[in-house]
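Okay, structure first, notes after.
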Amino acid sequence: MNLDALNKVAEAMVAPGRGILAADESTSTIKKRFDAIGVENTEENRRDYREFMFRAKDAMAAISGVILYDETIWQNAADGTPLVKLIEQAGSIPGIKVDEGTEPLHGSPGDVITKGLDGLSKRLPKYYEQGARFAKWRAVIDIGAGIPSHNAVHANAHALARYAALCQQSQIVPIVEPEVLMDGDHDIARCYEVTTWVLKETFQELYYANVALEGMVLKPNMVIAGKKSPKQASVDEVARETIRCLKNCVPSAVPGIAYLSGGQSDEDATAHLSRMNEIGGFPWKMTFSYGRALQAAPQKAWSGKKDNVPAGQAAFLHRAKMNGLASLGKWTPELEKKAA
Ligand code: 13P
């Protein structure tokens, strides 16, 4: 393992003014997104959609890296250019989702465990050869009555650490993503408590697995009230509680934090990130690794029609630009409206 080289990639992934595009929806997840805009979930439509984002030069200026699904990393654009090449030509780094989704965790009703460790050490060098310089593994922790269990927090942290160690062994930067879901009716204090637990456990396991923190990127949820909670927190509260939580849990050797959007509205995800960077006072870069909060608008504008590709690219540019500004703490609601 060449730690300097890993660290360089990790630093580039969180470079100020840029962030990560999570375009790694599995075939069944992208079906949900396509259903919402009336687009058939064919291989060609998936390719066309992703191709137009990777070809959006101005938008890609704010995108440091793209997380791909297995299908996409092997796919060619309509003119035969590998999609990976389009990403590289745009000055971004290709990455790959390597987990295989979740399944119920035996013995802990309501909790899930992420699959995908079997055969991973053999898959990683192939992805490297295909151009991937970082990877992603998502652990999912739900908050509810009696969950998460200790078993779920521990087993998921252990799997994240095993994955991260294997990535570094293959010279691939691991994005370590322990996601505490915001689907419930819990308040922000409960999210703070569970996120703290999950992060502490995750870094303990990363330590036991000899993962070099300088060569990874953390992708956490923000500390935020559940979507169904009647007590929603303000932008400032989310920003301050998230910073406070991470400062208590994340060693400063980690180069950067790239948040998931997790079902926040596009504007909330941007506003929260910008406020955190405005407040500052933490040792890591803080940026975005958004899926839905970057893609909902372009998907709607495109709606599967060739003629709408420029509109889709414009919508993608707007969100990428706004989030790029947020990574510098320079986004404002006025800019959001002006550029729209
Ligand atoms: P969201 O930003 O839509 O949460 O997706 C990010 C991601 O990659 C989840 O694993």
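The values are calculated or read from the model by the stated rules, or taken from the named source; none is laboratory data. All values derive from a computational prediction rather than experimental measurement. Cβ sites come from the backbone with ideal geometry, for glycine too, and all protein chains shown count toward neighbours. When the accessible area is computed, the model is the full protein with side chains, heavy atoms only, and any ligands, DNA or RNA have been set aside. Shrake-Rupley method; radii C 1.70, N 1.55, O 1.52, S 1.80 Å.
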Task: Of the criteria (1) within 17 Å of the chain's Cα centre (by Cα); (2) more than 15 Å from the ligand (Cβ to nearest atom), which one Lys231 fails - done: (1)
- [ ] For the stretch 161-176, name all the residues that are within 16 Å of the ligand (Cβ to nearest atom) and aliphatic (A, V, I, L, M).
- [x] Ala164, Val173, Ile175, Val176
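Counting just the residues of the stretch 186-213 that are polar (S, T, N, Q) and surrounded by fewer than 19 Cβ atoms within 10 Å (Cβ to Cβ), which one comes out nearest to Leu260 (Cα to Cα)?
Thr196
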Open item on the list: If I filter the stretch 3-36 down to residues being touching a Pro at 6+ places or on another chain (Cβ under 8 Å) and more than 16 Å from the ligand (Cβ to nearest atom), which single residue comes out as least open to solvent (accessible area, probe 1.4 Å)?
Closed with: Ala10
Open item on the list: List pairs: first residue in the stretch 154-171 and surrounded by fewer than 22 Cβ atoms within 10 Å (Cβ to Cβ), second residue among the hydroxyl-bearing types (Ser, Thr, Tyr) and not in a helix (DSSP H, G or I) anywhere in the structure, Cβ distance under 8 angstrom, at least six positions apart or on different chains.
Closed with: Ala159/Thr114
TODO: Give the residue that is nearest to Gln168 (Cα to Cα), with candidates limited to residues of the stretch 80-118 that are without any contact (Cβ under 8 Å) to a residue 60 or more places away in the chain and among the basic types (Lys, Arg).
DONE: Lys115
Open item on the list: Based on this model, can you work out whether Ala132 counts as part of a helix (DSSP H, G or I) and crowded, with 22+ Cβ neighbours inside 10 Å?
Closed with: no
- [ ] Might you let me know whether the stretch 177-185 holds any residue that is away from the ligand (no atom under 15 Å from the Cβ) and open to solvent by less than 20 Å² (accessible area, probe 1.4 Å)?
- [x] yes
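Restricting attention to the stretch 264-292, and to residues there that are small (Gly, Ala, Ser) and in contact with a helix residue (DSSP H, G or I) (Cβ under 8 Å, 6 or more places away or on another chain), which single residue is farthest from the ligand (Cβ to nearest atom)? So that I can check it myself, show each step before the final result.
Of the stretch 264-292, the ones small (Gly, Ala, Ser) are 265, 269, 271, 274, 280-281, 289, 291.
Those left that are additionally in contact with a helix residue (DSSP H, G or I) (Cβ under 8 Å, 6 or more places away or on another chain): 265, 269, 271, 274, 281.
Values: Ser265: 12, Ala269: 7, Ala271: 15, Ser274: 16, Gly281: 25 Å.
So, considering only residues that are small (Gly, Ala, Ser) and in contact with a helix residue (DSSP H, G or I) (Cβ under 8 Å, 6 or more places away or on another chain), the one farthest from the ligand (Cβ to nearest atom) is Gly281.
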Open item on the list: Condition check: within 16 Å of the ligand (Cβ to nearest atom), buried (at least 17 other Cβ atoms within 10 Å of the Cβ) and outside any helix (DSSP H, G or I). Does Ser261 satisfy that?
Closed with: yes
Open item on the list: Being touching a Lys or Arg at 6+ places or on another chain (Cβ under 6 Å) and away from the ligand (no atom under 16 Å from the Cβ): is that true of Cys245 here?
Closed with: no
- [ ] Search the stretch 220-239 for residues that are without any contact (Cβ under 8 Å) to a residue 40 or more places away in the chain and closer than 16 Å to Asp185 by Cα and pair each with any residue that is open to solvent by less than 60 Å² (accessible area, probe 1.4 Å) and in a loop (DSSP other than H, G, I, E, B) when their beta-carbon atoms are under 8 Å apart and the residues are at least 6 apart or on different chains.
- [x] Gln232/Ala225
TODO: Within the stretch 222-251, track down each residue that is within 23 Å of Gln168 (Cα to Cα), in a loop (DSSP other than H, G, I, E, B) and open to solvent by less than 20 Å² (accessible area, probe 1.4 Å).
DONE: Val250
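Among the residues of the stretch 71-86, write down those that are open to solvent by less than 30 Å² (accessible area, probe 1.4 Å), away from the ligand (no atom under 16 Å from the Cβ) and touching a Leu at 6+ places or on another chain (Cβ under 8 Å).
As a first pass, look at the stretch 71-86 and keep what is open to solvent by less than 30 Å² (accessible area, probe 1.4 Å): 72-73, 75, 77, 83-84, 86.
Keeping just the survivors that are away from the ligand (no atom under 16 Å from the Cβ) gives 75, 77, 83-84, 86.
Correct list: Gln75, Ala77, Leu83, Val84.
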Task: Test set (1) crowded, with 20+ Cβ neighbours inside 10 Å; (2) more than 16 Å from the chain's Cα centre (by Cα); (3) not hydrophobic (A, V, I, L, M, F, W, C) - Pro94 fails condition number - done: (2)
Task: helices (runs of 4 or more DSSP H) fully within the stretch 278-340 counting 1 or more residues that are touching a residue at least 40 places away in the same chain (Cβ under 8 Å) and open to solvent by 60 Å² or more (accessible area, probe 1.4 Å) - done: 292-302, 309-326
